[in-house]
1. Which fully enclosed strands (runs of 3 or more DSSP E) of segment 173-266 have 3 or more residues being in contact with a strand residue (DSSP E or B) (Cβ under 8 Å, 6 or more places away or on another chain) and either buried (at least 23 other Cβ atoms within 10 Å of the Cβ) or at pLDDT 95 or above (or both)?
2. Do we find that L24 is aliphatic (A, V, I, L, M) and modelled with pLDDT under 85 in this structure?
3. Please go through segment 93-122 and pick out each residue that is under 13 Å from the mean Cα position of the chain (by Cα), of a type outside the set (A, V, I, L, M) and more than 22 Å from R196 (Cβ to Cβ).
4. Which ones in segment 38-58 are surrounded by 16 or more Cβ atoms within 10 Å (Cβ to Cβ) and either of a type in the set (S, T, Y) or over 30 Å from T229 (Cβ atoms) (or both)?
5. Under 7 Å between Cβ atoms, at least 6 apart or on separate chains: pull out the pairs that start in segment 187-211 with a residue that is farther than 22 Å from A101 by Cα and in contact (Cβ under 8 Å) with a residue 40 or more places away in the chain and end on any residue that is outside any strand (DSSP E or B) and of a type in the set (V, I, T).
6. Any idea which residue in segment 123-148 is nearest to the chain's Cα centre (by Cα), counting only those that are crowded, with 21+ Cβ neighbours inside 10 Å and small (G, A, S)?
7. Working carefully through the options L47, L39, find the one that is assigned to a helix (DSSP H, G or I), of a type in the set (A, V, I, L, M, F, W, C) and modelled with pLDDT of 85 or more.
Amino acid sequence: MPGDPGQSRGWLAQTGTAIVDLILPSACAGCAVAGEGQLCPGCRAGLAGLVPLPARPTPPPVGMPPCSALGAYEGPLRGLLLAYKEHGAHRLAAPLGDHLARAVASRILSAGASYPMPVVVVPVPATAAAVRERHGDHMVRLARRAVRALRRSGWPAACGHCVVALPKADSSHLSAEERAAAATSAFRVRARRVRRVRAAADAGAFVIVVDDILTTGSTIAAVTTALQTAGVTVAGGATIAATRRRKVFPDRVRIPRSRPDVGIST
């Protein structure tokens, strides 16, 4: 059979998982209620009730644009993102991408723009190794879904997949300063594609960098810097979730508490 055997095995495993999901009842990825499928009605309603809020690392890394997040990285929202990103629950791209679109729209409106402004959504790319392991680039998938949701809402939107992630070492053990230093050399732009994004920005489109989780901000800041070095004006960033700032993690993200709970309520 032609092609990479590893890719064939990955496709077969993914297909088998999808078939099992159709035949057998599964637990909700958000709250673990059995028999509700990957997203139960309670968590679906909780997602719809979240209000995108400004989120900013403390201290912000160099190049960090203004950013909005849909909710805190905790509880059911954390479960949904882990299931989607790490456990192959690709069908969650639909609801998560739709709600990422709300964070993108919120960031544009927070900048004082009027509806509907043209927008180019630029996803933070995964490395080639992560793409192989997860059977696709999870953020490109979310960004494309978010673009479709924005278009349905009347926003002239496009996906600008113009940044490539270079191979990098595990950064989970690094401090905020070390992550920022590692991130600066972790991305490069695709010359032909970035020209189209730059032309759109020069014509008035808002360029928004999107990621799944905002922690120290080093990744969004690095992608923003790469784009701006290529002449693209970045208007802001948007994420699905952001880690809360706690005393033991002074370099984490501050999320304004404009209401009692910014996590999913079930």
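The values are calculated or read from the model by the stated rules, or taken from the named source; none is laboratory data. Predicted, not measured: the structure shown is a model, and the values here were computed from it. Don't worry about glycine lacking a Cβ; one is built from the backbone with ideal geometry, like all the others, and counts go over all protein chains shown.
1. Values: elements: 187-189, 206-214, 236-242.
The qualifying strands (runs of 3 or more DSSP E) are 206-214, 236-242.
2. Yes: the conditions hold for L24.
3. Residues satisfying the conditions are P95, D98, H99, R102.
4. Correct list: Q38, L39, C40, G42, C43, R44, G46, L47, L50.
5. If the second residue must be outside any strand (DSSP E or B) and of a type in the set (V, I, T), the pairs left are F187/V223.
6. The qualifying residue nearest to the chain's Cα centre (by Cα) is A143.
7. Numbers: L39 fails: assigned to a helix (DSSP H, G or I).
One residue alone meets the criteria, L47.
Residues are listed down the side, and each one gets a yes or a no for (1) in contact (Cβ under 8 Å) with a residue 12 or more places away in the chain; (2) small (G, A, S); (3) buried (at least 23 other Cβ atoms within 10 Å of the Cβ); (4) assigned to a loop (DSSP other than H, G, I, E, B):
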| site | (1), (2), (3), (4) |
| --- | --- |
| P60 | yes, no, no, yes |
| V104 | yes, no, yes, no |
| V121 | yes, no, yes, no |
| A158 | yes, yes, no, no |
